[in-house]
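Trainee: Pasting a structure here, questions to come.
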Amino acid sequence: MSDSGTARIGVTGLAVMGSNLARNFARNGYTVAVHNRTAARTQALIEEFGDEGTFVPATTPEEFVAALERPRRLMIMVKAGGPTDAVIEEFAPLLEPGDIVIDGGNAHFEDTRRRERELRKRGIHFVGAGISGGEEGALHGPSIMPGGSDEAYTALGPMLADIAAKAHDGAPTVAHIGPDGAGHYVKMVHNGIEYADMQLIAEAYQLLRSVAGYPPARIAETFRAWNEGRLDSYLIEITADVLAHTDAATGKPFVDIVADRAEQKGTGRWTVQIALDLGVPVPGIAEAVFARSLSGHTGLRDASRELPGPVSEPLEGAAAERFAARVEQALYASKIVSYTQGFDQIRAGSETYGWDIDLGAVASVWRAGCIIRAVFLDRITEAYTARPELPSLLSDTGFAQEIGAAQEDWREVVATAARQGVPTPGFSAALAYYDALRAPRLPAALTQGQRDFFGAHTYRRTDREGSFHTLWGGDRSEIPAG
Ligand code: 6PG
């Protein structure tokens, strides 16, 4: 093979994310080879940002690969799915054992597992790296969740640490999540939590608007105040900005001129699909995905607008303020529940796929750079670091106490929403999850009875081992089963 090139890393796929990551590496002193299917983009990057560091532009895959020092580090930043496979097929024959291919897109972790397996046969390391933080994060410091082999991480980790965001304690927001698809899996759950966070914030906004009677500007102030406390997070911060924005064309609040149909590219949906496959209850994340689907279900919504519902006057003065304070409690409690569900899903994935994921490390890399970054993640990091075997976040004494203190207000908010006809699937599902976990007995016993009645599906007893069936169609005596 050809001599080794000088570039420490190469990025192929120079749309905004790829180009910003390449610039981030270059700004951190790394020589970066850059390549794009259409050379004009490579050219544009060099012309506009060439003075930010040392770039080696390449027009062909051969030129690109030759520009990389060995073992080669080649980052693919193209669309997930077919385009990623196409690029891998194009480059793999040009690589050698020991080289590292990094996929920084939002790939499905099953695809990452397959790609890792196939490239491993050729001695090539494949690193599926979840990267969060959008365009700004890619340039100034994302949160990075790489999967793959230990060997690949040793060769890559320090470079990723340089370009990653830094948490307030200076720690870079990157950690080796685990083998094969672990990194993309964790990024998927990050996005599921992102959906849940956004849905809960949306419900809080709706309640403040409909029940407390606040206009968007006042709600922006409320979120700004919340952002000074325990809810301090990127999503709360941008919510205040979006709500404070006025549409230039109409002079109306921006939020009133945007069509109320939320879209999705699919990572939240994947989270729920996988949760269903693994049998992990993530109702908060599921409700967030469904809330987006429902918002876009225009036919159904149009046909249902005349259905009856309660009519109520908004609160005023101190009563409105009191209610707003309750909403903060409900939002915080529901947020704890969403993260509880997300971390439970990560644990389940880790057990199923043998990834041995360190939940404290995951919380730690979410503390800065990513979309769900929040002060709150420091607490989660501490909880899992102190007790890695913690059965759930709700088993942490600190979170349990906080949710306990919030529960009265949380219940009041959910009850008020139900009475006044304001849909709060996120708050309500979170509360139901909390109550279901606390329940000394669940009606699942009755469900088992019904299943045994119509299908002889058997049940277990509380007082003895074994499976049993009742002869429902006969004398209703019980017989041991199986
Ligand atoms: C991130 C974001 C990013 C993207 C999502 C949102 O972590 O940087 O999550 O990955 O914004 O894909 O996607 P939806 O279109 O599904 O809301």
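Trainee: Here are some pairs, Lys79/Lys335; Lys79/Lys187; Lys121/Lys265; Lys79/Lys166; which of them have Cα atoms lying more than 21 Å apart in this structure?
Mentor: Over 21 Å apart, Cα to Cα: Lys79/Lys335; Lys121/Lys265; Lys79/Lys166.
Trainee: A further question follows. Go through Gly284, Thr246, Trp226 and say which Cα lies farthest out towards the positive end of the charge dipole of region 179-297; charges sit on Cβ, +1 for Lys and Arg, -1 for Asp and Glu.
Mentor: So the residue furthest toward the plus end is Thr246.
Trainee: Using a 7 Å offset from the Cα along the Cα-to-Cβ direction at both Trp472 and Ala444, what is the distance between the two label points in nm, to one decimal?
Mentor: Simple spin-label model gives 1.9 nm for this pair.
Trainee: Oh, and also: By average Cβ neighbour count within 10 Å, what is the ranking of 188-195, 5-12, 115-122 from highest down? Let's see the in-between values first.
Mentor: Numbers: 188-195: 26.4, 5-12: 22.9, 115-122: 16.0.
My ranking of the peptides, most packed first, is 188-195, 5-12, 115-122.
Trainee: About the Cα centre, and with charges only on the beta carbon of Lys, Arg (+1) and Asp, Glu (-1), how big is the dipole of the chain? Nearest 20 debye, please.
Mentor: 720
Trainee: Could you give the length gained on full extension between Arg117 and Glu263, defined as 0.36 nm per residue of separation minus the Cα-Cα distance, in nm?
Mentor: Between Arg117 and Glu263, full extension yields an extra 49.3 nm.
Trainee: Out of residues 5 or more away from Gly296 or on other chains, whose amide H comes under 5 Å of its own, with H placed 1.01 Å from N in the peptide plane?
Mentor: Correct list: Ala262.
Trainee: Another question, if that's okay. For the chain, with all protein chains present and a 1.4 Å probe, just round the carbon and sulfur fraction of the accessible area to a whole percent.
Mentor: Ligands and nucleic acids excluded, carbon and sulfur reach 53 percent.
Trainee: Any chance you could check the Cα centroid distance between region 238-285 and region 310-374 for me, in angstrom?
Mentor: 15
Trainee: Nearest 20 debye, what's the magnitude of the dipole of region 320-476 about its Cα centre given +1 on Lys and Arg Cβ and -1 on Asp and Glu Cβ?
Mentor: Dipole size: approximately 380 debye.
Trainee: Around Met75, which amide H atoms from residues at least 5 apart in sequence, or from another chain, sit under 5 Å from its own amide H, with H modelled in the peptide plane?
Mentor: Residues meeting the amide H criterion: Gly10, Val11, Thr12, Ile102.
Trainee: Here is a further query. With a 10 Å radius around each residue's Cβ, average the other Cβ atoms per peptide and rank 364-372, 145-153, 308-316, 178-186, highest first.
Mentor: Highest to lowest by the protection proxy: 178-186, 364-372, 145-153, 308-316.
Trainee: Here's a follow-up. If each DSSP helix of 4+ residues adds -39,500 (n - 2.57) and the sum is divided by the residues in the chain, what number results at 222 nm, nearest 500 deg cm²/dmol?
Mentor: Helix contribution divided over all residues of the chain: -17500 deg cm²/dmol.
Trainee: Residues of region 249-281 with backbone nitrogen within less than 18 Å of a virtual label 7 Å along the Cα-to-Cβ line of His297, please, listed as ranges.
Mentor: Within reach of a label on His297, which here means backbone N under 18 Å from a point 7 Å along Cα→Cβ, region 249-281 contributes 260-264, 269-270, 272-273.
Trainee: Using a 7 Å offset from the Cα along the Cα-to-Cβ direction at both Ser392 and Gln420, what is the distance between the two label points in nm, to one decimal?
Mentor: Distance between the two pseudo-spin positions: 2.9 nm.
Trainee: What share of the DSSP beta bridges in the chain is antiparallel, in percent to the nearest 5?
Mentor: 35
Trainee: Sort the following peptides by mean Cβ neighbour count (other Cβ atoms within 10 Å, averaged over residues), highest first: 83-95, 462-474, 13-25. Don't skip to the end; give the middle numbers.
Mentor: Numbers: 83-95: 16.6, 462-474: 10.5, 13-25: 23.1.
Taking the mean over residues of other Cβ atoms within 10 Å, the ranking is 13-25, 83-95, 462-474.
Trainee: Quote the charge dipole size of region 88-203 about the Cα centre in Debye, to the nearest 20; the model charges only the Cβ of Lys and Arg (+1) and of Asp and Glu (-1). Can you show the working numbers first?
Mentor: Values: 9 positive and 19 negative charges, 66 e Å.
Charge dipole, region 88-203, about its Cα centre: 320 debye, nearest 20.
Trainee: Quote to one decimal, in nm, the extra length available between Arg460 and Thr38 on full extension: 0.36 nm per residue of separation minus the C-alpha distance between them.
Mentor: Working: separation 422, 0.36 × 422 = 151.92 nm, distance 6.34 nm.
Difference between extended and current length: 145.6 nm.
Trainee: Roughly how many Å² is the accessible area per residue of the chain, as a whole number, for a 1.4 Å probe?
Mentor: 46
Trainee: Starting from the Cα of Asp169, step 7 Å along the direction of its Cβ; do the same at Val375; then give the gap between the two resulting points in nm.
Mentor: 1.7
Trainee: Follow-up. Compare the Cα positions of Gly29, Leu446, Gly133 along the charge dipole of the chain (+1 at Cβ of Lys, Arg; -1 at Cβ of Asp, Glu; about the Cα centre) and return the one farthest towards the positive end.
Mentor: The Cα lying farthest towards the positive end belongs to Leu446.
Trainee: Next question. Check the straight Cα-Cα distances from Lys252 and name the lysines below 17 Å, setting aside those fewer than 8 residues away within the same chain.
Mentor: Within the straight-line limit of under 17 Å, Lys252 reaches no lysines at all.
Trainee: Considering only the other residues whose Cβ falls under 14 Å of the Cβ of Trp270, what net charge follows from Lys and Arg at +1 and Asp and Glu at -1?
Mentor: +1
Trainee: Please report how far the C-alpha centroid of region 440-464 lies from that of region 38-80, rounded to the nearest whole angstrom.
Mentor: Centre-to-centre (Cα) distance: 61 Å.
Trainee: Here's something else I'd like to know. In what order, largest first, do Glu382, Glu412 sit by accessible area if the probe radius is 1.4 Å?
Mentor: Most to least solvent-accessible, the answer reads Glu382, Glu412.
Trainee: With every protein chain kept in the model, how would you rank Glu328, Glu351 by accessible area, 1.4 Å probe, largest at the top?
Mentor: Glu351, Glu328
The values are calculated or read from the model by the stated rules, or taken from the named source; none is laboratory data. No experiment lies behind these values; they were computed from the predicted model shown. For neighbour counting, all protein chains shown are included, and Cβ atoms are generated from backbone atoms with ideal geometry for every residue, glycine included. Areas reflect the complete protein model, heavy atoms only, side chains present, ligands, DNA and RNA absent. Shrake-Rupley method; radii C 1.70, N 1.55, O 1.52, S 1.80 Å.
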